[in-house]
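Reviewing the structure listed below.
The values are calculated or read from the model by the stated rules, or taken from the named source; none is laboratory data. Note that this is a predicted model, so its numbers are computed, not measured. Methodologically, a virtual Cβ is constructed for each residue, glycine included, from the backbone with ideal geometry; neighbour enumeration extends over all protein chains shown. Just the protein is used for accessible areas: all its heavy atoms, side chains included, with ligands, DNA and RNA removed. Shrake-Rupley method; radii C 1.70, N 1.55, O 1.52, S 1.80 Å.
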Amino acid sequence: MPKLGLGTWQNTESDECAKSVQTALEIGYKHIDTAQVYENEEHVGKGIKEADIDRDDFFLASKVWIDQLSEENVVPSMEESLEKLGVDKVDLMYIHWPSGDYQPEETLEAMQELVEKGMAKNIGVSNFTPEQVDEAMGIAGEDIIANQVEMHPLLQQEELLEKCREHDITLVAYSPLARGKVFDIPELNEIADKHGVSEAQVSLAWLMQKDGVVAIPKASSEEHIRDNHEAQDLELDEEDVEKIESIDREEREVDPGFAPW
């Protein structure tokens, strides 16, 4: 899975979403992330088509929403997602949250059916706690390749990352810029000034330098899409990493009432 992807949450305006996906792919992004509940799979599909990039040259992921996680709804909802995206399969389909109609055995077996039917190359989970990761792996095993969760310098997810590494699954970090809060963190301000880069690039570089972590920052403007992409060229030194990991704050930006924590 490419270490950097384009997140599309809240990017719901048709032309803007399609243009951002097209721009990202043409700049060189190799990973696009969407979800049923984002209500933009069709727009993402339009952007993919307009980019005219070979489908085998990028990684595409979506997520099954909590009201479609029953055994009988997973496959039909996936068929609808593929139609909207305009593709035959996705590289990864996640369980968006362990909530709503989620029943571990029934849901995961239905998700495995997506792979068997050739609709998804792999399956993943999202917003799962360490305990839920253990449970899911006990059911679906190595078919699960990722857990997508909020992760950034203000929510460093050490325990969950260790659990993911234990199971050899990738932690995919959403909201890696803490919804803009990274620009107001003194430690990141200092590192950004030191390297002559943005705080966004510092946060993304910190994540991508970690073994087993992928970052999917949301961006819609070409300026931000390019800035995030350039984070791949930034190499933080040991002092930088220690400074970030010494941040003694824990702030979660995504915390719905149905969350498992």
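I need a count of the residues in region 87-111 that are in contact (Cβ under 8 Å) with a residue 60 or more places away in the chain, in contact with a strand residue (DSSP E or B) (Cβ under 9 Å, 6 or more places away or on another chain) and under 21 Å from Asp255 (Cβ atoms).
So the answer is 3.
Condition first: open to solvent by 20 Å² or more (accessible area, probe 1.4 Å), of a type in the set (A, V, I, L, M) and modelled with pLDDT of 95 or more. Can you find one or more residues in region 123-132 that meet it?
No; the residues of region 123-132 include none that is open to solvent by 20 Å² or more (accessible area, probe 1.4 Å), of a type in the set (A, V, I, L, M) and modelled with pLDDT of 95 or more.
Exactly one of these conditions fails for Glu222: (1) over 18 Å from Tyr29 (Cβ atoms); (2) open to solvent by 40 Å² or more (accessible area, probe 1.4 Å). Give me its number.
Answer for Glu222: the failing condition is (1).
Given the condition touching a Lys or Arg at 6+ places or on another chain (Cβ under 9 Å), open to solvent by 10 Å² or more (accessible area, probe 1.4 Å) and over 23 Å from Lys210 (Cβ atoms), answer yes or no: does some residue in region 59-66 qualify?
no
Of the residues that sit in region 24-44 and are in contact with a strand residue (DSSP E or B) (Cβ under 8 Å, 6 or more places away or on another chain) and assigned to a loop (DSSP other than H, G, I, E, B), which one is surrounded by the fewest Cβ atoms within 10 Å (Cβ to Cβ)?
Residue satisfying both the conditions and the ranking: Lys30.
Can you name the residue in region 195-212 that is under 14 Å from Glu235 (Cβ atoms) and part of a helix (DSSP H, G or I) and, of all such residues, is most open to solvent (accessible area, probe 1.4 Å)?
His195
Which residues, taken from region 177-194, are in contact (Cβ under 8 Å) with a residue 12 or more places away in the chain and either crowded, with 23+ Cβ neighbours inside 10 Å or assigned to a helix (DSSP H, G or I) (or both)?
As a first pass, look at region 177-194 and keep what is in contact (Cβ under 8 Å) with a residue 12 or more places away in the chain: 177-179, 181-183, 185, 187-188, 190-191, 194.
Leu177, Ala178, Arg179, Lys181, Val182, Phe183, Glu187, Leu188, Glu190, Ile191, Lys194, listed by residue number.
Pairs, please: C-beta under 8 Å, at least 6 apart or cross-chain, first residue at pLDDT below 95 and in region 164-176, second surrounded by fewer than 22 Cβ atoms within 10 Å (Cβ to Cβ) and not polar (S, T, N, Q)?
Listed pairs, sorted by first residue: none to list.
For region 64-76, does any single residue satisfy the condition of being under 19 Å from Val172 (Cα atoms), part of a loop (DSSP other than H, G, I, E, B) and out of contact with any Pro (no Cβ under 7 Å at 6 or more places or on another chain)?
Yes, that holds for at least one residue.
Provide a single number: the residues in region 12-23 that are open to solvent by less than 60 Å² (accessible area, probe 1.4 Å) and modelled with pLDDT of 95 or more. Write out each step before concluding.
Step one: of region 12-23, the residues open to solvent by less than 60 Å² (accessible area, probe 1.4 Å) are 14, 17-18, 20-23.
From what's left, modelled with pLDDT of 95 or more: 17-18, 20-23.
So the count comes out to 6.
Suppose we filter region 112-146 for residues that are over 17 Å from Asp255 (Cβ atoms) and not in a helix (DSSP H, G or I); how many remain?
Residues meeting the conditions: 12.
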